[in-house]
Every structure is written in structure tokens, then in C-alpha cells.
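S.K.: Below are the C-alpha cells for one structure; questions will follow.
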Amino acid sequence: MGSSSTFRRLVKPIAKRLIYSTLRPLGPAKQVLASLAHAGFYAREAFEWGRRSIVATPVFLAQCATYGDNIAVDRVPYINGTPRIELGSNIRVSGLINIAAASKGTPTLIIGDGVFIGHGTSFAVATLISVGKYASIAGGCYIADTEGHSHYNPQKPIWEVPAGEGDVAPVIIEDGVQISRNVMILKGVTIGARSVIGAGSVVRSDIPPDSIVMGNPARVVKKMTATAGSTPAS
């Protein structure tokens, strides 16, 4: 009995360290593990560079009507339909974004110079969505110039009930706008230059320039004073 108790007393601390990963690398082991971590980091970065530069960016640009220089796209965007996409220069797309286009007309998505778009952002475009220069759109946002369908019809699937003329209106995001995570911007909205949209907001009406807005529906909570040079020169 005594030997069994002694055995448990000796083994228990070691088992707890193994279970909770509290063993500390010492001496040469620390150097080896640190080298492996660094090697893994550089290997991952090399893989991401290859996927971005050799695959994702060229494939996306091939689907764009016009584009400028210095564009980087982490993943090939999921594009539903055949929108007209016009890109400026110095654009960064992080992760995967979605672009859904109406099946009629010429749905157009315009992205200006110096724009950042975060992972998981979706654009639903029926006529026009325009993003101005030096705007930033954080991850998980949804921007749509259409309600997607005209009315509820229980006799038809939703994809057979197209949007009517009153259900579509362009979305204009002016220069220098900052849009936080998980924001929804709905049809017919113009967001004035240099405004900041708080996380999780639902923007359903126009926003004046130099405004800080938040909420559902989004409301102006503060006005900023525009300063000279606040929007980078083109």
C-alpha cells in the first residue's frame, strides 16, 4: 500500500505537467524548439506569399475590367455572377471576400486607391457600389445596393422573385471612411468622407462627412473637425 502511494505521489506531478503542458524546455531543447517555430513561421509566410502573388491576385485581376498597380489579394474572391469590377492602385484584400452580382444590367463594383478590405466581407451589387480612396473596411461587413427580392411570395422560391426598381439604389462610400467589423450598409446609402462607422452598426440612411456613427439603425454620436490634409493626396 505504501509503495503504491509513493508511486502516485511521484507520478502525479509529472502527469499534471504533461496534461496541462507545463513542462518547460531547457538548454538545447529550448533552442531546437525555437528554431522549429521560426522555421514554421517562415514556411507559412512563404506559402501565403505564393498563394497570394502567384494564384489569388492574378486570378482575381483577370476577372476585373480595370485595375491599377500594387494590388494584393490573399484568397481568390468568391464571385457569383459577372459584375464589372474596377480597381484602383495600392489595394489590400485580407482573407476571403464575396461578391454577388445581379443577373441583369451591369452591376458595378468600384474600389478606389489605397483601400483595405477585411476577411469575410461581402458585396451584393445590382447597380453600383463605390468605395472611395483610402477607405478601410474591416472583416465581416455586408454592403448591398439591393434588398435582393421585391416581396415575399410563399408560392415561389426566393431566387425566383427578383428585386424591383424600388428595391435597388447605389451605395456610395466616400474617401477616407473607416468601417469597423460586422457593419451592414444597406441600399441607397451615401457615407460622407472621413466618417467612422462603429462595429456592428446597421447603416440605413445617409451619413454626413466627418461623423462617428454607431447602432442599429446607425446614428451620428459625434462630429469630427476636418483638418487640412486629413485625406491623403492622390
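What follows is calculated from the coordinates using simple rules that are stated; it is not laboratory data. Note that the structure is a prediction, hence the values are computed from the model and not measured. Neighbour counts run over all protein chains shown; Cβ positions are idealised from the backbone, glycine included.
S.K.: Can you spot the lysines whose alpha carbon is less than 23 Å from Lys30's alpha carbon? Ignore those fewer than 8 places along the same chain.
M.R.: Straight-line reach from Lys30, under 23 Å: Lys16.
S.K.: Counting other Cβ atoms within 10 Å, which chymotrypsin sites (Phe, Trp or Tyr not before Pro) in the stretch 130-183 have at most 12 and lie in a DSSP loop? Mind showing how you got there, number by number?
M.R.: Values: sites: Tyr134, Tyr142, Tyr152, Trp159; in loops: Tyr134, Tyr152.
Here the chymotrypsin sites (Phe, Trp or Tyr not before Pro) that fit, given the DSSP loop and packing criteria, are Tyr152.
S.K.: Could you work out the relative contact order of the chain? I mean the mean sequence separation of Cα pairs under 8 Å and 6+ apart, divided by the number of residues, in percent.
M.R.: Working: 548 pairs, mean separation 22.6, N = 234.
After rounding, I find 10 percent.
S.K.: Of Ala65, Ala29, Ala193, which is the most mobile in a GNM of the chain whose springs link Cα atoms less than 10 angstrom apart?
M.R.: Checking each option, the largest mean-square fluctuation is seen for Ala29.
S.K.: By how many degrees, 0 to 90 and rounded to 10, does the Cα axis of helix 2-19 deviate from the longest principal axis of the chain?
M.R.: Computed tilt is about 30 degrees.
S.K.: Based on the Cβ-Cβ distance from Arg52 to Lys16, what FRET efficiency comes out when R0 is 41 Å, to the nearest 0.05?
M.R.: Working: r = 43 Å, r/R0 = 1.05.
For R0 = 41 Å, the calculated efficiency reads 0.45.
S.K.: For Asn80 and Asn98, calculate 0.36 nm times their separation in residues minus their Cα-Cα distance, and state this gained length in nm to one decimal. All intermediate terms of the calculation are to be shown ahead of the outcome.
M.R.: Details: separation 18, 0.36 × 18 = 6.48 nm, distance 0.79 nm.
Extending this stretch completely gives an extra 5.7 nm.
S.K.: As a test of the formula, what do you get for the chain when each DSSP H run with n ≥ 4 contributes -39,500 (n - 2.57) and the sum is divided by the residue count, at 222 nm and rounded to the nearest 500 deg cm²/dmol?
M.R.: Values: 3 runs with 47 residues, N = 234.
Dividing the helical sum by the residues of the chain leaves -6500 deg cm²/dmol.
S.K.: How much length is gained if the chain between Gln31 and Thr6 is pulled fully straight, taking 0.36 nm per residue apart and subtracting their Cα-Cα distance, in nm to one decimal?
M.R.: 5.5 nm
S.K.: Also, I was wondering about something else. Between Arg181 and Asn216, take the C-beta separation as r, use R0 = 22 Å, and let me know the FRET efficiency to the nearest 0.05.
M.R.: Numbers: r = 14 Å, r/R0 = 0.65.
In this case the efficiency is close to 0.95.
S.K.: Throw me the Rg/Rh for the stretch 50-127, computed over C-alpha atoms with Kirkwood Rh, two decimals. Can you show the working numbers first?
M.R.: Working: Rg = 11.6 Å, Rh = 12.4 Å.
We get a ratio of 0.94 for the stretch 50-127.
S.K.: Calculate how steeply helix 28-50 sits against the longest principal axis of the alpha-carbon atoms of the chain, using the helix alpha-carbon long axis, and give the answer as 0 to 90 degrees to the nearest 10.
M.R.: 20 degrees
S.K.: Assuming R0 = 45 Å, can you tell me the calculated FRET efficiency for the pair Val202 and Val59, based on Cβ-Cβ distance, to the nearest 0.05? Please report the intermediate quantities before stating the final value.
M.R.: Numbers: r = 33 Å, r/R0 = 0.73.
Computed FRET efficiency for Val202 and Val59 comes out at 0.85.
S.K.: Based on alpha-carbon positions alone, could you give the equivalent ellipsoid semi-axes of the chain from the gyration tensor, as √(5λ), descending, whole Å?
M.R.: Numbers: eigenvalues 425, 110, 96 Å².
Computed over the chain, the values are 46, 23, 22 Å.
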